[in-house]
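This report refers to the structure that appears directly beneath it.
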Amino acid sequence: MNLDQKSLHNNSQPDTTVSKNGQDESEYGTLSVFLMDGTPLKWKDTVSDGSLHCRLGKPEEAEAIQAAMDKAGVYEPNDVARRFLRGREVYLGEVTNEDGNAVIATYGWIARTTEPLGKSGFAFEPPERHVWLYDFATIPEFRGRGYYPALLRCIVEDLNQQGVRAAWIGTAPGNGKSARSITRAGFSRVLLTRGVIDPSGTSIVFEHKPALGVSPELVEVAKSVHIRL
């Protein structure tokens, strides 16, 4: 399937989504995409104070990356090393501290193959030349500076030069702040999503609601990438 920016009715759509039957959109997560065509990207605005340096992390840095991630969330020991072994990539956003040393301020992971969606029993399966961006976080002391959208832009720029056609990213229900940062970075919302118990009461299924102005073609692609493990 040939997708490009024309697959979106308006790639600069406002941070709003369709709400059916009066349901509260805070009950839903989001699935957003950045479509690329290989041409140099030109940003319209500045999303951070310019102090962030972005780069790809290296497997030999696993211990330092793990230490940084442990400040932002709860991870199992050696989680980073295992991710590298599975072929995952991590982008780091670094700032220079008062001692002149580079410190990890924010991070985000990339999967080019099927990646489980937590413990939901589902996974994201990227189409050919598409990638899944996941597990982004900013170290608490660096939050509120626009580093998350700045890192996203750095990643998209790099992936675009690699010939990647689309980068997908999601948020959990109730995480409106992250959803707004994703939109700020230039991503377009495609779906509202949430996991619900199926009528039999035995398993979880994904419920999808299209975002405003998105083509049916792109909506169908977005629905197809959630697979049951």
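What the table below lists for this structure:
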quantity: Residues of segment 69-97 classified as within 22 Å of Val47 (Cβ to Cβ) and over 21 Å from the mean Cα position of the chain (by Cα), total; calculated: 3
quantity: Contacts under 7 angstrom Cβ, first residue in segment 70-95 being free of Cβ contacts under 8 Å to residues at least 60 places away in the same chain and of a type in the set (Gly, Ala, Ser), partner open to solvent by 40 Å² or more (accessible area, probe 1.4 Å) and part of a loop (DSSP other than H, G, I, E, B), 6 or more apart; calculated: Gly87/Thr113
quantity: Residue under evaluation Thr106, criteria (1) open to solvent by 30 Å² or more (accessible area, probe 1.4 Å); (2) hydroxyl-bearing (Ser, Thr, Tyr); (3) farther than 24 Å from Thr39 by Cα, criterion not met; calculated: (1)
quantity: Hits in segment 182-202 (condition: hydroxyl-bearing (Ser, Thr, Tyr) and at pLDDT below 90); calculated: Thr193, Ser200, Thr202
quantity: Number of the exception - Gly38 against (1) on the phi < 0 side of the Ramachandran plot; (2) touching a residue at least 60 places away in the same chain (Cβ under 8 Å); calculated: (1)
quantity: Test: residue in segment 211-228 that is among the hydroxyl-bearing types (Ser, Thr, Tyr), at pLDDT below 95 and under 21 Å from Trp109 (Cβ atoms); calculated: no
quantity: Among the residues listed as Gly118, Gly100, the single one being within 15 Å of the chain's Cα centre (by Cα) and without any contact (Cβ under 8 Å) to a residue 12 or more places away in the chain; calculated: Gly118
quantity: Glu141 vs. criteria farther than 23 Å from Cys54 by Cβ, over 16 Å from the mean Cα position of the chain (by Cα) and either hydrophobic (A, V, I, L, M, F, W, C) or loosely packed, with under 13 Cβ neighbours inside 10 Å (or both); calculated: no
quantity: Lone qualifier among Tyr148, Tyr134 - being among the aromatic types (Phe, Trp, Tyr), surrounded by fewer than 20 Cβ atoms within 10 Å (Cβ to Cβ) and in contact with a Phe, Trp or Tyr (Cβ under 7 Å, 6 or more places away or on another chain); calculated: Tyr134
quantity: Lone qualifier among Leu192, Leu218, Leu212 - being aliphatic (A, V, I, L, M) and under 30 Å from Ala72 (Cα atoms); calculated: Leu192
quantity: Top-ranked residue in segment 26-56 [being open to solvent by 60 Å² or more (accessible area, probe 1.4 Å) and under 24 Å from Ala172 (Cα atoms); ranked as modelled with the lowest pLDDT]; calculated: Ser26
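The values are calculated or read from the model by the stated rules, or taken from the named source; none is laboratory data. Worth saying up front: this structure is predicted, and the values here are computed from it rather than measured. Cβ coordinates were reconstructed from backbone atoms using ideal geometry, including for glycine residues, and neighbour counts include every protein chain displayed. When the accessible area is computed, the model is the full protein with side chains, heavy atoms only, and any ligands, DNA or RNA have been set aside. Shrake-Rupley method; radii C 1.70, N 1.55, O 1.52, S 1.80 Å.
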